[in-house]
Amino acid sequence: MLRIVDQGMISHVESRGAYMPWLTPLPDGSFIGSQHVGQQLGSDDNHIVVLRSTDGLSWTEQGSIHAGGTPTDGWAYRAPQISVVGDTTQLVMTCTRFETGDGKLFDPDSEALSRPQMCLFWSDDGGVSWTPPQIVPVDLDPARYTWNSAGQLVQLSPDRWIWPLETWKPEGFEGPPDQRAWQIVSKDQGQTWTDLSVVADDPSGKILYWDQMNCQLADGRLYTLLWTHLYGTSQDICNHQVYSEDQGNTWTAPIRTNLQGQVCTPIPLPDGRVAAIYNHRHEPQGVHVALSEDLTTFDTANELVVFDAGAEATLGTPDHDNFLAEHMLIAFGKPGGRRLDDGTLLTWFWCTVGGTTHTRWVRVEIVD
């Protein structure tokens, strides 16, 4: 059984939206968080804000990592995630940035995304200051592909880091996108990246594997849940999972789960089970958490609702008959979580309540 033991707000930003939070425990027992802030989910003013907490309950904004408070380099920065490097005090932040220009990052007419770059920021002082962005090259044709970070950086060992990504199409490319879930590997703790390979793919192009949310299980296997969608429609299939028994060198074919969700993040438990926090975009919409013993069948009869979207599931009506245009108007999403040392699950997401788009956390207890 799952139950909520505490909950609260991470951040709300006056007159703007706060999106896609990520929360990380630090070696001294405190927490650091990150999110991007902007006028809209897909606007080109998105920039990174860092947050602090002594207990994971009350959060304060440290501020933007960009000089002057917002980037002035022609890029919009999205979905930052902070990790502790090994057992050191060094921090690394992953994110994707998109070239700015006309006020939006996605063109609903062409279905194209702005030109991207995957970035790393480094901090040697506990996240007080950050280096300029380190641009991570991806060995793909920019005339055919855009790409962005998806899921979390996994540090398997000092000489094997895995960073997942996904592809779409750029402006000027005619035809449907070559969408796949991929990964890149670093053998020198993030200094260089190689070994681009596919994690999940439908060669026919009919099935899209979005937002691969990944983790390392208690037995060492890598496990990823995928939002699975039929291209050209508004129809989601049940979430699929893939796993690797050889540190990501090979992956299983996608396996259907019984979760009918979108973004879906696995949280590994010490006993081999997995808790999944996911976007439930069917009435009543919200964010749910469910448990699985076999990684495929989740106990949806006893799942926990950590956020009920109510009437604020979307922010309006799109002006295009296009699923991604619809998705740019969602009012909640990108849930994540991790198991803390006390056994509770710290989960997080962004949402809209009373017209204010902000980020929240919910502490969940597993009662067996």
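For Ala311 and Leu26, FRET efficiency with R0 = 45 Å and r from the beta-carbon atoms, rounded to 0.05? Can you show the working numbers first?
Details: r = 38 Å, r/R0 = 0.84.
Approximately 0.75, to the nearest 0.05.
Taking 0.36 nm per residue of separation and subtracting the Cα-Cα distance, what length does fully extending Glu293 through Ser15 add?
Details: separation 278, 0.36 × 278 = 100.08 nm, distance 4.31 nm.
Residue separation times 0.36 nm, minus the Cα-Cα distance, leaves 95.8 nm.
Give the relative contact order (percent, whole number) for the chain; include only Cα pairs under 8 Å separated by 6+ residues. All intermediate terms of the calculation are to be shown ahead of the outcome.
Working: 991 pairs, mean separation 53.0, N = 368.
Reported relative contact order: 14 percent.
Hey, how many Å between the Cα centroid of the range 294-368 and the Cα centroid of the range 184-233?
About 21 Å separates the Cα centre of the range 294-368 from the one of the range 184-233.
I want to verify a result. In a Gaussian network model of the chain, Cα cutoff 10 Å, which of these has the top mean-square fluctuation: Gly220, Gly38, Gly286?
Sorting by GNM fluctuation, first place goes to Gly220.
Quick one: if the Förster radius is 25 Å, what FRET efficiency do Asp55 and Ser157 give, using the C-beta to C-beta distance and rounding to 0.05? Don't skip to the answer; put the middle values down first.
Working: r = 31 Å, r/R0 = 1.25.
The value I calculate is 0.20.
Please give the Cα centre distance for the range 116-141 versus the range 29-97, rounded to the nearest Å.
Computed from Cα coordinates, the inter-centre distance equals 12 Å.
Net charge near His280: determine it from the other residues with C-beta under 11 Å of the C-beta of His280, scoring Lys and Arg +1 and Asp and Glu -1. Walk me through the numbers before you get to the answer.
Values: positive: Arg281; negative: Asp236, Glu283, Glu303, Asp308.
Residues near His280 contribute -3 overall.
Could you pull out which residues in the range 127-160 have an amide N less than 14 Å from a spot 7 Å beyond the Cα of Asp178, following the Cα-Cβ vector?
139-147
What is the Cα radius of gyration of the range 137-261 over 2.2 N^0.38 Å, N being its residue count? Walk me through the numbers on the way to the answer.
Numbers: Rg = 14.6 Å, N = 125, 2.2 N^0.38 = 13.8 Å.
In units of the globular-protein estimate, the range 137-261 measures up at 1.06.
For the modelled label position 7 Å from the Cα of Arg3 along Cα-to-Cβ, which residues of the range 278-310 have backbone nitrogen atoms closer than 20 Å?
Only 288-292, 299-308 fall inside the zone, counting backbone N under 20 Å.
For a quick check, take a GNM of the chain with Cα springs below 10 Å and name the residue from Gly68, Gly151, Gly261 with the largest mean-square fluctuation.
Maximum fluctuation in the GNM of the chain, among the listed residues, is at Gly68.
Which three extents, in angstrom, do the Cα atoms of the chain have along their principal axes, listed largest first?
Ordered largest first, the chain gives principal extents of 54, 47, 43 Å.
Full extension from Ser43 to Asp188: what is 0.36 nm times the residue separation minus their Cα-Cα distance, to one decimal in nm? Could you put the intermediate results ahead of the total?
On the way: separation 145, 0.36 × 145 = 52.20 nm, distance 3.45 nm.
Here the answer is 48.7 nm.
Every number in this text was worked out from the coordinates using simple rules, so none of it is lab data. Model, not experiment: these values are computed from the prediction. In this analysis, Cβ positions are derived from the backbone assuming ideal geometry, glycine residues included, and neighbour counts consider all displayed protein chains.
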